[in-house]
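Notes follow once the structure below has been shown.
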């Protein structure tokens, strides 16, 4: 497992009984997590004093239970990147902190490569990977079906000092976008994707990961430049093992281009217990 242990303004304080106790740069939140299968004593007093707790509903979804005043928006930093945070529906805050291990990896690859370095970030959410690539001088196309998420990504770029970096911020259905990119003949040296298990495009297009993922990866392979360096696929879908996604990369890219494919879980350190909480997986093809 690759562990995101470089945070200074995010801490996973404890995890027990299907919940996380987290410090988001001074704002303590409790959020549900299905990977927390153990039920250890909640001795940390911040379980009782947390500013807010996300409570799931028996009928689906859930809501934030505010115990104290929580800022409408606040910020956290990861190295030289900054992010706006806010409590959203379905327990999110705008950042997946475990992805920091992948931000570091992409930055390392891009920093060593000649420029220009065009990157395509699909299902790009609020832009953590986009910011990481921009910070190393890449030229990024950021695509997400949610207008709000794309606007949030722009805000994160601005507060990170990257407002003038070369980035196209696009609200679009990712599958339709890559089909158009293939017809246009555009190519990328890096492709990142964080596909949801289920979602809808801006015009109601339906996305179901298990039925679409192979076709999607095969299409993306057509967008790789001759000097492409990496393809990264993140998955939070229960039952979709990182090794299964790695096999897709092997079939569609490694067999045709060479290079290497790897896959692993990514995780966060739990301060109270000294254990690592698994937080999904990543499969990666690299040219070297």
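No value in this document is a laboratory result; all are computed from the given coordinates. As the structure is a computational prediction, the values presented were derived from the model and not from experiment. Using ideal geometry, Cβ is built from the backbone for each residue, glycine included, and neighbour counts are taken over all protein chains shown.
Values for this structure:
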{"item": "Average Cα contact separation per residue, the chain, under 8 Å, 6 or more apart, as relative contact order %", "result": "16 percent"}
{"item": "Expected 222 nm ellipticity per residue - DSSP helices of 4 or more, -39500 (n - 2.57), all of the chain, to 500", "result": "-7000 deg cm²/dmol"}
{"item": "Extension gain (nm, one decimal) between residue 49 and residue 271, 0.36 nm per residue minus Cα-Cα", "result": "78.2 nm"}
{"item": "Which of 104, 144 has the fewest Cβ neighbours within 10 Å, and the rest in rising order", "result": "104, 144"}
{"item": "Potential extension, residue 226-residue 57 segment - 0.36 nm per residue separation minus Cα distance", "result": "55.9 nm"}
{"item": "Residue order, fewest to most beta carbons within 10 Å, for 288, 187", "result": "288, 187"}
{"item": "Cα gyration tensor shape of region 97-286, rounded if a/c is under 1.5, else prolate or oblate by comparing a/b with b/c", "result": "rounded"}
{"item": "GNM result for the chain, Cα springs below 10 Å: residue of 268, 240, 122 fluctuating most strongly", "result": "240"}
{"item": "Where a label projected 7 Å from the Cα of residue 114 along Cα→Cβ would reach, residues of region 139-154 with amide N under 17 Å", "result": "139"}
{"item": "Peptides ranked, highest mean first, by Cβ atoms within 10 Å: ranges 46-59, 222-235", "result": "222-235, 46-59"}
{"item": "Exposure proxy order (Cβ contacts within 10 Å, fewest to most) of 174, 279", "result": "279, 174"}
{"item": "Listed residues 26, 190, 250, most fluctuating in the chain (Gaussian network, C-alpha, under 10 Å)", "result": "26"}
{"item": "Gaussian network model of the chain, Cα within-10 Å springs - most flexible of 76, 66, 149", "result": "66"}
